[in-house]
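Worksheet for the structure shown next.
The values are calculated or read from the model by the stated rules, or taken from the named source; none is laboratory data. Note that the structure is a prediction, hence the values are computed from the model and not measured. Note that we place each Cβ from the backbone using ideal geometry, even for glycine, and neighbour counts take in every protein chain shown. SASA here: full protein model, heavy atoms, side chains in, ligands and nucleic acids out. Shrake-Rupley method; radii C 1.70, N 1.55, O 1.52, S 1.80 Å.
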Amino acid sequence: MSHVINQHPYFGIFFLFVVTMVAFNATLFLARFVSRKLAKLDTEKLKLSIYECGPEVTKQPNTISTQFYLIALLFILFDVEIIFMFPWAVDFLLLGWFGFAEMILFILLLTIGFIYAWKKGALEWHSIR
């Protein structure tokens, strides 16, 4: 039975996969263990200390608006959708009427999403004051 395992064509790949997984997990465990033992846990005083000169550092609440996140998410969404139009534009003649109909449907769905975001007020900027 052992000669069947050694002569299997994918035995070497399987063995390397197992060794790699064990080495990865061991390295991950060792790195986490060492970093937790060596890390300074009292860095709050250092962060609040004055560096060379300047005013006393005061803690402020996080006032970053979620509007930044929403605008960035919408930008990435619409940007990626526009990128999908470039291959269609290059192979327009090759795709024919079927490709044209699919792109019209794609643009229609993109427009519906844009109108929905616009109606929900996702594109309006609200100032924090």
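For this structure, a couple of remarks:
- The accessible-area ordering, largest first, of the residues 111, 66 stands as 66, 111, per a 1.4 angstrom probe.
- Length gained when the stretch residue 91-residue 15 is fully extended (0.36 nm per residue, less Cα-Cα span): 22.9 nm
- Under the simplified labelling scheme, the residue 26-residue 110 pair shows an inter-label distance of 5.1 nm, with each label point 7 Å from Cα along Cα→Cβ.
- For the pair residue 118 and residue 82, label points projected 7 Å from Cα toward Cβ lie 1.5 nm apart.
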